[in-house]
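A short reminder: the numbers here are calculations on the coordinates, not readings from a lab. Model, not experiment: these values are computed from the prediction. Glycine gets a Cβ as well: all are built from the backbone with ideal geometry, and neighbour counts include every protein chain shown.
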Amino acid sequence: MMTEPLADDFGREETGALSDDFGREVTGVRISLTDRCNFDCIYCHNEGLGDTRGPMEPEDDEMTADEVVRFLEVVEEYGVRKAKFTGGEPMLRGDLEEIVRRTPDSMETSLTTNGTFLPGRAEALREAGLERVNVSQDALDPEAFAEITKSGAYDRVLEGVDAALDAGLDPVKLNMVVFEHTAGYVEDMVYHVAENEGLQLQLIEYMPELTGRPEWSIDIQRVHDWLADIADRIEHREMHDRKRYFVNGGMIEIVDPVENEEFCANCGRVRVTHEGYLKGCLNRNDDLRPMGEMSREEIREAYEETVANRVPYYGEYLKKNGSGEYEINERYIEAPKSTTSD
């Protein structure tokens with residue numbers, strides 16, 4: 001079967017965006033609005049920070065809506081055109097609709113959520129300007145779902161997906177982390193998406209370096225091979241070296257970053273922790289930069305430094321040794337550590 005090339009979503013035209021020393025333009029930001037979550041998923045790495053989840057009540061260390069919006073207004077000056085809000089569970093923020101509404105009009109806004117709060121709020125978020133939503137759903141079996149998420153909210157998540165579709169937040173992407181506990185449910189999820197208009201599936205490779213349980217990993221190539229056998233059509237995205245498989249009309253995309261140098265070579269995103277630290281790479285916590293009191297000038301300075309110091313994780317921060325194993329590049333071993341408590 002022929003694989004069709006697909007243009008990079010971020011584009012490579014002149015955007016005015018800042019580039020790092022590896023020529024990677026930053027055109028998107030991923031902002032954690034809280035580390036609180038009403039789930040306790042066994043694979044969670046909390047945006048690369050580890051298990052830092054605290055009480056369910058709002059805490060003083062979370063960025064305010066004003067701070068989030070001020071950050072977005074500043075990075076808009078640098079050509080950032082995509083803003084994804086995440087957590088923890090970002091819908092635990094009662095001011096989420098306000099943040100979305102105040103996001104600069106030039107930015108595409110999206111949300112990653114577990115879906116439990118979408119019923120009753122999806123319409124308001126759409127009216128506020130939210131364009132897309134990713135919903136985490138790791139199994140179509142309530143018992144398996146409860147085992148993975150430590151939550152009995154299976155039916156509520158299904159209601160949330162329907163609410164998002166009814167509000168016009170389509171296509172809804174279902175995020176499924178593929179590892180030992182979920183691999184047996186991949187086939188059902190693929191055909192579930194194929195049979196339900198408005199859904200897409202994003203199969204995300206489990207990242208053992210962030211969770212500390214390498215024994216849970218599976219060979220993601222097996223999933224690629226299976227999908228290639230049953231797909232009607234395959235597309236290849238330049239961004240992150242991703243492949244999209246079309247099965248009976250349903251779209252399934254695999255996100256496989258582990259030991260994928262091409263994935264890292266095309267990364268165009270900077271992350272922001274809920275406390276207001278800039279993070280140039282999901283896999284690293286030695287590159288966190290505070291934005292001080294988050295004045296516009298402090299944001300500009302920290303953002304410029306963060307972009308300038310970004311490096312591909314695989315192929316640069318980690319390099320292969322003589323045995324073909326990845327190890328930290330010596331030039332980064334003495335990199336200064338952040339003083340944050342994370």
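Computed quantities for the displayed model
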{"quantity": "Order of ARG81, ARG331 - criterion: other Cβ atoms within 10 Å of each residue's Cβ, fewest first", "calculated": "ARG331, ARG81"}
{"quantity": "Taking PHE39, PHE22, PHE71 and counting other C-beta atoms within 10 Å, the order from fewest to most", "calculated": "PHE22, PHE39, PHE71"}
{"quantity": "Cubic angstrom per residue, convex hull over Cα atoms of the stretch 263-314", "calculated": "74 Å³"}
{"quantity": "Stretchable slack from LYS319 to ASP61, in nm (0.36 nm times residue separation minus alpha-carbon distance)", "calculated": "89.3 nm"}
{"quantity": "Charge-dipole axis of the stretch 67-166 as Lys and Arg at +1 and Asp and Glu at -1 on Cβ define it, positive-most pick from VAL135, THR103, ALA146", "calculated": "THR103"}
{"quantity": "Spacing of the two label points (7 Å from each Cα toward its C-beta) at GLU197 and ALA146, in nm", "calculated": "3.5 nm"}
{"quantity": "Sequence-distant lysines (8 or more away, or on other chains) whose Cα lies within less than 27 Å of LYS84", "calculated": "LYS150, LYS173, LYS243, LYS279, LYS337"}
{"quantity": "Percent of Cα-Cα distances greater than 17 Å, calculated over the stretch 132-173", "calculated": "31 percent"}
{"quantity": "Amide proton proximity set for MET291, modelled H, under 5 Å, gap of 5+", "calculated": "LEU278"}
{"quantity": "Coarse-grained scattering of the stretch 102-153 at q = 0.26, 0.30, 0.31 Å⁻¹, given as base-10 log I(q)/I(0) from a Debye sum over alpha-carbon atoms", "calculated": "-0.99, -1.16, -1.20"}
{"quantity": "Cα-centred dipole magnitude for the chain, charges only on beta-carbon of K, R (+1) and D, E (-1), debye, nearest 20", "calculated": "280 debye"}
{"quantity": "Ascending count of other beta-carbon atoms within 10 Å, so fewest first, for ILE218, ILE254", "calculated": "ILE218, ILE254"}
{"quantity": "Beta bridges per DSSP with both ends in the stretch 125-250, % antiparallel, nearest 5", "calculated": "40 percent"}
{"quantity": "Cα-based Kirkwood hydrodynamic radius, the chain, one decimal, Å", "calculated": "20.7 Å"}
{"quantity": "Radius of gyration and maximum dimension Dmax of the stretch 170-279, Cα, Å", "calculated": "14.8, 45"}
{"quantity": "For the chain, calculated [θ]222 nm from helices alone, where every DSSP H run of n ≥ 4 adds -39500 (n - 2.57)", "calculated": "-7500 deg cm²/dmol"}
{"quantity": "Extension gain from ARG331 to ASP188, taking 0.36 nm per residue of separation minus the Cα-Cα distance", "calculated": "46.9 nm"}
{"quantity": "Partnerless cysteines, meaning none of the other Cys C-beta atoms lie under 4.7 Å away, in the chain", "calculated": "CYS37, CYS264, CYS267, CYS281"}
{"quantity": "Rounded to 5, the percent of DSSP beta bridges in the chain classed as antiparallel", "calculated": "35 percent"}
{"quantity": "R0 of 41 Å, Cβ-Cβ distance ASP219-GLU304: FRET efficiency to nearest 0.05", "calculated": "0.55"}
{"quantity": "Cα-centred dipole magnitude for the stretch 249-342, charges only on beta-carbon of K, R (+1) and D, E (-1), debye, nearest 20", "calculated": "120 debye"}
